[in-house]
Ligand SMILES: [Zn+2]
Ligand SMILES: [Zn+2]
């Protein structure tokens, strides 16, 4: 097969299973790199993309944005990377470069964010991908590719708010949910020196939560524990997206404290505590490039690792079913078994 053809997996219409899909490889801009993909994590955002949950998906849609692979081609104006470098790419693959956010180095807030995704035109469930070189990060040599893949989206999603919204003084942090995001949030929060409480709807995950570094565990329906923790937390990080009792969560925040949402749950609550206790509720999306690099070295230094199930990319539909059924522990990374995946 010609090397100018990319072998990928695409969903052809909203909510449909992925099918093998080949396409002409995208042209390389002068600041771009082409990356031959060895690993790509499966994120819930990919499933949302397949289902057009965000209302911006165009089909055929090749998901995948937790990519690790090797640089196979570099644009004329690219000097930061060379052919053969092992790099990782997260959700952000480029940016407009002209809006105020891009100019200030906060490209994750680019005004043209829909066009900035790594999966534009086609994402990482494929033999190769093209991104702006600034968004392809060198991976520490000792870090396994499947570990790096997950850190590039799930890892940065939780590391960024833990760095942005906290101070280094043993603050009390609550992590809601122990899944792909939550199990990393616990490890990062512990390594950053915070007192970590995990709030989960799965009491069976208590031992795992403690093993990841949590100091305390409470079940999300344990009203007595919530009452004891009134005005306790400096920060709550919500990584869950199931049934969440927002009003209970607001009661356990200190006055003027913050609830940060990093998944995409429906948020409904009575605003009394929000107003009276001057609470903040905010989202957090990825990070800038500086924090991404910092996160990768922090994870390497503190041995922070996702639990990963490896599956071949050809089994992508089975992998999606496992994630939908909440069976993945805690993250699935697809390895490239396409015939023309190099290295
Ligand atoms: Zn993601
Ligand atoms: Zn921009």
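Read-outs: derived from the displayed coordinates by stated rules, not from any lab. What you see is a predicted model, and the numbers here were worked out from it, not measured in a lab. Cβ: placed from backbone, ideal geometry, glycine included. Neighbour counts: every protein chain shown.
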- request: Mind jotting down the three principal axis lengths of region 55-101 based on Cα atoms? Whole angstrom, largest first.
  value: 37, 28, 16
statement: Per GNM of the chain with C-alpha springs under 10 angstrom, the most fluctuating residue out of 304, 320, 83 is 83
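So what is the relative contact order of the chain, in percent, for Cα pairs below 8 Å that sit 6 or more residues apart?
Averaging sequence separation for qualifying contacts and normalising by length gives 18 percent for the chain.
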message: For a quick size check, give me the Cα extents of region 218-265 along its three principal axes, largest first, whole Å.
response: 28, 24, 15
- prompt: What are the extents of the Cα atoms of region 11-53 along their three principal axes, listed from largest to smallest and rounded to whole Å?
  reply: 34, 20, 20
Region 35-157, Rg to Rh (Cα coordinates; Rh as Kirkwood inverse mean 1/r): 0.95
- line: Cα-only Rg/Rh for region 296-340 with Kirkwood Rh rounds to 1.10
task: Starting from the Cα-Cα distance between residue 164 and residue 19, subtract it from 0.36 nm times their residue separation and give me the gain in nm to one decimal.
output: 48.2 nm
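How much of the calculated P(r) for region 244-343 lies past 24 Å, in percent of all Cα pairs?
The answer is 54 percent, as a whole percent.
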message: At a threshold of 8 angstrom on Cα-Cα distance, excluding pairs fewer than six apart, so keeping six or more, what relative contact order does region 232-290 reach in percent?
response: 37
query: In angstroms, what radius of gyration and Dmax does region 10-94 have, counting Cα atoms only?
result: 14.3, 40
query: Label-point separation (nm) for residue 114 and residue 228, each offset 7 Å from Cα along Cα-to-Cβ?
result: 4.9
- prompt: Against the longest alpha carbon principal axis of the chain, how many degrees, from 0 to 90 and to the nearest 10, is the axis of helix 182-191 turned?
  reply: 70
- prompt: What value, in deg cm²/dmol to 500, does the helix sum -39500 (n - 2.57) over DSSP H runs of n ≥ 4 give at 222 nm once divided by the residues of the chain?
  reply: -6500 deg cm²/dmol
task: Evaluate Rg over Rh across region 181-249, taking Cα atoms for both radii and Kirkwood's formula for Rh.
output: 0.92
task: Measure off 7 Å from each Cα along the Cα-to-Cβ vector at residue 303 and residue 30, then give the distance between these two points in nanometres to one decimal.
output: 4.8
task: Could I have the simple spin-label model distance between residue 317 and residue 294, label points 7 Å from Cα toward Cβ, reported in nm to one decimal?
output: 4.4
field: P(r) histogram, all alpha-carbon pairs of region 130-240 included - 10 Å bins from 0, percent
entry: 14, 42, 30, 10, 4, 0
query: Quick one: what Rg and Dmax do you get for region 243-283 from the alpha carbons, in Å?
result: 9.6, 26
query: In the Gaussian network model of the chain, springs joining C-alpha atoms below 10 Å, which of 44, 269, 285 carries the largest mean-square fluctuation?
result: 269
- prompt: If the viscosity is 0.890 mPa s and the temperature 25 °C, what Stokes-Einstein diffusion coefficient in µm²/s follows for region 213-302 when Rh is the Kirkwood radius over Cα pairs?
  reply: 167
field: C-alpha long axis of helix 289-301 to longest principal axis of the chain, angle in °
entry: 80
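Normalised by the number of residues in region 238-332, what is the relative contact order in percent for Cα pairs under 8 Å and 6+ residues apart?
22
For the chain, report the convex hull volume of the alpha-carbon atoms normalised per residue, in Å³, without decimals.
Roughly 131 Å³ of hull volume per residue.
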task: Name the shape class, rounded, prolate or oblate, that the alpha-carbon gyration tensor gives for region 99-173, where a ≥ b ≥ c are the square roots of its eigenvalues, rounded holds for a/c under 1.5, and otherwise prolate holds if a/b is larger than b/c and oblate otherwise.
output: oblate
query: If you build a Gaussian network model of the chain, linking Cα atoms that sit under 10 Å apart, which residue out of 122, 194, 23 swings the most?
result: 23
